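Engineer: Next up is a structure, given as structure tokens.
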Amino acid sequence: MVLLDCEQCVSRTLRRILADLPVGASLYDLERPQPEQTGALFPCLEYFLPDVLAEVHPEWRKESFDGFLPVFARKVGSREAEFFGLSITISDQASTPFHLKIQIASDVDEVSWLEFRVGEKGDGGKRLSNIASYKSSSALYNRLYAFQEQPHQMDWAYEITFGTRDP
């Protein structure tokens, strides 16, 4: 899958998901019927995000994601969403934190802007932390919940900004 196809998939799917939700709504709000496409977004991101990361971090040319397990997923603007939780890397099935803020263009099927962070720094270098770094999976989730109000304050191993954010 080429970057453009992945970007179009992300944009189209996110556009359908956000269309009828008010700003501030959870993408997984139990009181609202869930859009069928919600489950289709993460497979698109599994291919798109490593390609974006690889533009700056060449080691991501050999890595991809095998899933995302959000602690939260919410609409933060008319064409913008935010996700925070665990991602799973495909090479070693490691669970590692991620934070994604993404905005789609108003009139074309493309991502206009995103901020993506993944992995925590460990031992002073870039390293994806994984569940084995914690005493239990509940310890890892407790760490995520501790940062859910300010995910940008984690000590991220990888951070990238793509595109230009519309006001």
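Engineer: Can you name the residue in segment 46-77 that is small (G, A, S) and over 12 Å from the mean Cα position of the chain (by Cα) and, of all such residues, is nearest to V23 (Cα to Cα)?
Structural biologist: G77
Engineer: Same structure, new question: For a quick check of your reading of the model, give me the residue pairs whose first member lies in segment 30-52 and is in a helix (DSSP H, G or I), whose second is open to solvent by less than 60 Å² (accessible area, probe 1.4 Å) and at pLDDT below 55, with beta-carbon atoms closer than 9 Å and at least 6 apart or on different chains.
Structural biologist: If the second residue must be open to solvent by less than 60 Å² (accessible area, probe 1.4 Å) and at pLDDT below 55, the pairs left are Y47/L3; F48/L3; D51/L3; V52/L3.
Engineer: Then there is this: Could you list all residues from segment 55-78 that are part of a loop (DSSP other than H, G, I, E, B) and not hydroxyl-bearing (S, T, Y)?
Structural biologist: Of everything in segment 55-78, those that are part of a loop (DSSP other than H, G, I, E, B) and not hydroxyl-bearing (S, T, Y) turn out to be E55, V56, H57, E63.
Engineer: Looking only at segment 108-121, count every residue that is crowded, with 18+ Cβ neighbours inside 10 Å, closer than 27 Å to S137 by Cα and out of contact with any Asp or Glu (no Cβ under 7 Å at 6 or more places or on another chain) and tell me the total.
Structural biologist: Summing the residues that are crowded, with 18+ Cβ neighbours inside 10 Å, closer than 27 Å to S137 by Cα and out of contact with any Asp or Glu (no Cβ under 7 Å at 6 or more places or on another chain) in segment 108-121 gives 3.
Engineer: Follow-up question, since we're still on this one. Taking the stated definitions as given, is D29 closer than 24 Å to Y141 by Cα, open to solvent by 20 Å² or more (accessible area, probe 1.4 Å) and at pLDDT below 90?
Structural biologist: Yes, satisfied.
Engineer: Residues of segment 138-162 being open to solvent by 70 Å² or more (accessible area, probe 1.4 Å), in a loop (DSSP other than H, G, I, E, B) and touching a residue at least 12 places away in the same chain (Cβ under 8 Å), which ones?
Structural biologist: D155
Engineer: Has segment 84-107 got any residue that is open to solvent by 50 Å² or more (accessible area, probe 1.4 Å) and closer than 20 Å to R165 by Cβ?
Structural biologist: yes
The values are calculated or read from the model by the stated rules, or taken from the named source; none is laboratory data. Everything numeric in this text was worked out from a predicted model, so none of it was measured. Glycine gets a Cβ as well: all are built from the backbone with ideal geometry, and neighbour counts include every protein chain shown. For accessibility, only protein heavy atoms count, side chains too; no ligands or nucleic acids. Shrake-Rupley method; radii C 1.70, N 1.55, O 1.52, S 1.80 Å.
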